[in-house]
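See structure below.
The values are calculated or read from the model by the stated rules, or taken from the named source; none is laboratory data. Here the structure is a predicted model, which is why all the values come from computation and not from measurement. Counting neighbours? That spans all protein chains shown, and the Cβs are built from the backbone with ideal geometry, glycine included. For accessibility, only protein heavy atoms count, side chains too; no ligands or nucleic acids. Shrake-Rupley method; radii C 1.70, N 1.55, O 1.52, S 1.80 Å.
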Amino acid sequence: MELGIALVGFGNVAQGLARILIRKRDLLTTRYGIIPVVKAVVTGSKGTLWDPSGLDLEAVLDSMADLENLSGVSALPATIDEILKGDEISVVVDTTPTDLVTGEPGLSIIKRAIESGKHVVSSSKGPVSVALPELTDLATRHGVAYRFEGALLSGTPSINLAMEAMAGCDVVKVQGIVNGTTNYILTRMEEGMGYEDALAEAQDRGYAETDPSGDVDGWDAAVKAQIIASVIMGEPISLDQVERRGISEISRSDVLAALDRGNRIKLIAQVERRGRDVVASVSPMELPLDHPLAGVMGATNAITYETDNLKDVTIVGPGAGREETGQALLADLLAIFRERGGLVVRRSA
Ligand code: HSE
């Protein structure tokens, strides 16, 4: 079954997904019966590529510096509305840079896609933070899916784990390391690197937000705490309700002094049910070295869900990265088509 895809945003994460789609082309067809065909690539600064018979993804990736001159495709003045008008596209993959105040540009794109009857998978946190109830309601009314696994712990299953695999459990408390960039910086500082160099390395590796103050000032982790409260614990809260401190005031000497005391500094997101309320916070904490989260290093993230039926469930895995987040988008794509009977899972004999 052909799956027409529009990639809106073509930065680190969308390119990561594109590479996975190229590498897994045969497997996706033989195991899942799905032929993903990327027909549109909409970039923020380099225009739009649109070919209803399918773009050559390898050529697109190879021509990033010169997309408008890519031969064999029509680099049109196509608008998103033109692309969404027909039935060539089934799923819009939104990876636009996130603006946590307005949710834009992802928010408008997601709304237009849903209103055009397209499923949406997204790694953008802004739209979830600003307009989750509106978007889920809109998707329900239009009979399409809106999924955003990549907004929390990149491709390490965290939202889908809690909502689907642990369905029926009540999550009463969550503690986690939910930002890859800051955990990477703290790790590299412990290894001897200065703050600025460690941040530059995190940017090079594709972990940091377009504006890395979103990471180091704790905004990214705060949105993830908001998502945990609103989506996983079912208590919608605003970003303002998350108490927030980042790591920009933590120096290398603070990191080493904590180690001398037998502790490690980690940026911890905590969400807890207290009576009828849910209380969420993000702050650097000194954890004893034998604490389960103290050994989580680099861009690796971890979340412990404290639940009624299962007690503690901890998931540890990549929290950021190009293909790591691309995997979240792929898992969401496959989930949509599995749920809607669009996929026949064929296992090899
Ligand atoms: N900037 C984010 C991080 C990306 O470092 O965790 C993944 O959400």
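Output the number of residues of the range 23-41 satisfying the condition of being open to solvent by 40 Å² or more (accessible area, probe 1.4 Å) and over 20 Å from Asp87 (Cα atoms). Before the answer, list the steps.
At the first step, the residues of the range 23-41 found to be open to solvent by 40 Å² or more (accessible area, probe 1.4 Å) are 23-27, 29-32, 35.
Add one more test, that the residue is over 20 Å from Asp87 (Cα atoms), and what stays is 23-27, 29-32.
Count: 9.
Only one of (1) among the aliphatic types (A, V, I, L, M); (2) assigned to a strand (DSSP E or B); (3) within 14 Å of the ligand (Cβ to nearest atom); (4) more than 18 Å from Tyr184 (Cα to Cα) fails for Ala328. Which number is that?
With respect to (1) among the aliphatic types (A, V, I, L, M); (2) assigned to a strand (DSSP E or B); (3) within 14 Å of the ligand (Cβ to nearest atom); (4) more than 18 Å from Tyr184 (Cα to Cα), Ala328 is out only on (2).
Counting just the residues of the range 207-229 that are of a type in the set (Gly, Ala, Ser) and under 17 Å from Val13 (Cβ atoms), which one comes out farthest from the ligand (Cβ to nearest atom)?
From the range 207-229, those of a type in the set (Gly, Ala, Ser) are 208, 213-214, 218, 221-222, 225, 229; that's our starting set.
From what is left, the residues that are under 17 Å from Val13 (Cβ atoms) are 208, 214.
Details: Ala208: 5, Gly214: 7 Å.
Taking the candidates together, the pick is Gly214.
For Pro292, are the conditions met, namely being out of contact with any His (no Cβ under 9 Å at 6 or more places or on another chain), at pLDDT below 95 and not small (Gly, Ala, Ser)? Full working, then the answer.
Working: out of contact with any His (no Cβ under 9 Å at 6 or more places or on another chain): yes; at pLDDT below 95: yes; not small (Gly, Ala, Ser): yes.
Yes, satisfied.
Does Thr314 qualify as being within 20 Å of the chain's Cα centre (by Cα), among the β-branched types (Val, Ile, Thr) and in a strand (DSSP E or B)?
Numbers: within 20 Å of the chain's Cα centre (by Cα): yes; among the β-branched types (Val, Ile, Thr): yes; in a strand (DSSP E or B): yes.
Against the criterion (within 20 Å of the chain's Cα centre (by Cα), among the β-branched types (Val, Ile, Thr) and in a strand (DSSP E or B)), Thr314 qualifies.
Could you please let me know if Ala151 is away from the ligand (no atom under 14 Å from the Cβ) and open to solvent by less than 20 Å² (accessible area, probe 1.4 Å)?
Numbers: away from the ligand (no atom under 14 Å from the Cβ): no; open to solvent by less than 20 Å² (accessible area, probe 1.4 Å): yes.
No; evaluated as a whole, the condition is false for this residue.
Would you point out which residue out of Val144, Val178, Val120 is more than 16 Å from the ligand (Cβ to nearest atom), under 19 Å from the mean Cα position of the chain (by Cα) and crowded, with 18+ Cβ neighbours inside 10 Å?
Numbers: Val144 fails: under 19 Å from the mean Cα position of the chain (by Cα); Val178 fails: more than 16 Å from the ligand (Cβ to nearest atom).
So the residue among Val144, Val178, Val120 that is more than 16 Å from the ligand (Cβ to nearest atom), under 19 Å from the mean Cα position of the chain (by Cα) and crowded, with 18+ Cβ neighbours inside 10 Å is Val120.
Please go through (1) away from the ligand (no atom under 16 Å from the Cβ); (2) touching a residue at least 60 places away in the same chain (Cβ under 8 Å); (3) among the acidic types (Asp, Glu) for Glu191 and return the number of the only condition it doesn't satisfy.
Result: Glu191 passes all but (2).
For the range 245-267, which positions are within 30 Å of Ser122 (Cβ to Cβ) and surrounded by 19 or more Cβ atoms within 10 Å (Cβ to Cβ)? Write out each step before concluding.
Restricting attention to the range 245-267, the residues satisfying the condition of being within 30 Å of Ser122 (Cβ to Cβ) are 245-248, 266-267.
Passing the criteria: Gly246, Ile247, Lys266, Leu267.
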